[in-house]
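Rule-based calculations on the coordinates, nothing more; no lab input. Because the structure is a prediction, the values reported are computed rather than measured. A quick note on method: Cβ atoms are made from the backbone with ideal geometry, for glycine too, and the neighbour counts reach across all protein chains shown.
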Amino acid sequence: MSDIFDALVQTFHGESPYAGFDAAAYESRVLGWAFDNPVFEMLVTEVKPRLIIEVGTWLGASAIHMANIAKAHGIDTTILCVDTWLGSSIHRIMPEFRADLGLKHGFPTMYYQFLANVVHAGHDKTIIPMPLSSDAAFDWLKRFDVSADLVYIDGDHEGQTVYADMCNYWSRLNPKGVMFGDDFVEAWPGVVNAVNLFSQKNHIVPQIVREKWVFGFWKEFPPVVDVADADAGYAQLPRIS
Ligand SMILES: C[S@@+](CC[C@H](N)C(=O)[O-])C[C@H]1O[C@@H](n2cnc3c(N)ncnc32)[C@H](O)[C@@H]1O
C-alpha cells in the first residue's frame, strides 16, 4: 500500500471503503469493454504511474486490468476510480446493459459488485472508488491539488461530456503524464468529435491504438486548454455520421 493510497483514502473517504464489506456475498463478475487492448500494458509499463485516475469504471474491468499489469511489473501504483456507478443514458436505453445496473427499487447497486470484484482480484489496497460525477470529482481533485501520471477517460460518451472530461482531467496530469481513452470509433461520434476538437485546440495529434486514443505519449505537453470554451468549441466541430 502506497502513501498516496493512504492519503487519498483518508482525505476522500475517512476510512477504507472496503472496511467491513462482505465481498464473499458476491461472486467475481468483471465485465468490460476492450480492456485487453495492448495500450494499457504499453502505458502502465512506460509511464510507471504512481497515480492513475480513471473516469468511468463500471464493474472495474479496466482498473483491475491496469492494477494487474502494475503488480506484474512491480510498479507501485494507486488507481482512483471516478464513477457515479449510476450508468449512462445508454444503460437505460439498451435492456442488456440495464440488467447490469443491478437495479433495486429502480436504483443501481452495481457499486457493490465493483467493490467485490476489486476485493476478489486482490486490489483493495490499490484501487480507490470515488463515487462522484466526473465534474464533481474534478472539483475535489483540484481542491486537494491531486494530479496523476496517467488518466483514462471512459465515462459518459456524449461529445460535450467527453470533451469536458478531457479538458478537466488534462489539467490534472503531471508533467510527462499521459491521457488516454476509449471508443475512438464511428459508433461513438461524440468521442471522435471530442478527440478531434481537443487535438485541434491543443495542436497535438492523438495516437490511436486500435479504438483507444492517446494524448501525450512520451511527450511534453502544451498548455492546458480553456475549460470554459468546451461547449462552444464542441458546437463548431462538424459531426461525423
Ligand atoms: C463504459 S463504462 C466504463 C467501463 C470501464 N472503463 C471498463 O472498461 O470496464 C462507463 C461508466 O461511466 C460512468 N459514467 C457515466 N457518466 C458519468 C459521469 N458524468 N461521471 C462519472 N461517471 C460517469 C457510468 O456509470 C459507467 O460505469
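Key figures for this structure:
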item: Given 11 as the ceiling on other Cβ atoms within 10 Å, longest exposed-site-free region of the chain for GluC sites (Glu not before Pro) in DSSP loops; result: 28-185
item: Where labels lie 7 Å past Cα in the beta-carbon direction, separation of D135 and S89 in nm; result: 1.5
item: Scaled radius of gyration (Cα, divided by 2.2 N^0.38 Å) that the stretch 3-228 gives; result: 0.96
item: Calculated FRET value between S16 and S199, using beta carbons and R₀ = 35 Å, to 0.05; result: 0.35
item: Listed residues N174, W213, G155: farthest to the positive end of the dipole of the stretch 3-228 (Cβ charges); result: N174
item: Separation between Cα centres of the stretch 5-31 and the stretch 74-151, rounded to whole Å; result: 11
item: Model label zone, E46; criterion: amide N under 14 Å from point 7 Å along Cα-to-beta-carbon; scope the stretch 57-83; result: none
item: FRET E, pair S28, R210, Förster distance 25 Å, beta-carbon r, rounded to 0.05; result: 0.45
